[in-house]
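The values are calculated or read from the model by the stated rules, or taken from the named source; none is laboratory data. Owing to the predicted nature of the structure, the values given are computational and were not obtained by experimental measurement. Counting neighbours? That spans all protein chains shown, and the Cβs are built from the backbone with ideal geometry, glycine included. Calculation scope for accessible area: heavy atoms of the full protein, side chains included, ligands and nucleic acids excluded. Shrake-Rupley method; radii C 1.70, N 1.55, O 1.52, S 1.80 Å.
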Amino acid sequence: MVREVVVYPDKRLKLISRDVESFDEELHTLLDDMYDTMRAKNGVGLAAVQVGVDVRVLIINIPLEDKEGEDTQPRENTLEMINPVIVEADGVEVFQEGCLSVPGFYEDVERAKHVKVEYFDRYGNKKVIEDDDFLAIAVQHEIDHLEGKVFIEKLSYTKRKKFEKEWKRKIKGQKSLKI
Ligand code: CO
């Protein structure tokens, strides 16, 4: 089931998410709904807090080569991470990021190039993953959400100011369309 995505500057995005303690049906439903929501919005990653649930759960879709006529977002390519912790981070990488909670806005963000992450899968099995490409960037972006942070907070002062001005105008425009 597709859930509503919380959009910036909604205060719920500032919540610091709690650890998951039960790997139960409720968690599985949340993960399934997050997958449906990510797909419906054409996203590549989503944190539970973005659908208003402040628990340490995130999903990332590892994109495949864009082959015509093929499903580029198969379910088995979606990584589910519960209670993720970055245990190693090094190097520097600049990537253009976007976010389903800040729709239509993209900007370069600097992050660690390589990370090692420990997490649990939906059944409570402990896992570890290492990456120095797209997945490394996406994990850092999603874990920031679990800490109540959105990627625009990593922009320079000037870029942030410009964003806030444009975003206010955009949100106002959307409100007036609903009348
Ligand atoms: Co995001």
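Leaving out ligands, DNA and RNA, and with a 1.4 Å probe, what % of the accessible surface on the stretch 1-110 is carbon or sulfur? C and S fraction of accessible area: 47 percent. A full extension of the chain between residue 123 and residue 21 corresponds to an added length of 35.6 nm, given 0.36 nm per residue minus the alpha carbon distance. Sorted largest first by accessible area at a 1.4 angstrom probe radius, with every protein chain in place, the residues 171, 86, 60 fall in the order 86, 171, 60. For the stretch 11-177, the solvent-accessible area of protein heavy atoms averages 56 Å² per residue (probe radius 1.4 Å; ligands and nucleic acids excluded). For the chain, the dipole from Cβ point charges (+1 on Lys and Arg, -1 on Asp and Glu) about the Cα centre works out to 1540 debye, to the nearest 20. Within straight-line reach of residue 170, meaning a Cα separation under 15 Å, sit the following aspartates and glutamates at least 8 residues removed in sequence or on another chain: 10. Shown for the chain are the DSSP H helices of 18 Å or more along their axis, judged by Cα atoms, with a mean Kyte-Doolittle hydropathy of at least -0.5: 134-146.
For residue 131, the amide hydrogen comes within under 5 Å of the amide hydrogens of 115, counting only partners 5 or more places away or on other chains and with H modelled in the peptide plane.
For the chain, DSSP calls about 95 percent of its internal beta bridges antiparallel. Centroid-to-centroid, using Cα positions, the stretch 6-58 and the stretch 104-161 are 15 Å apart. Computed with a 1.4 Å probe on the full set of protein chains, the accessible area for residue 142 sits at about 10 Å².
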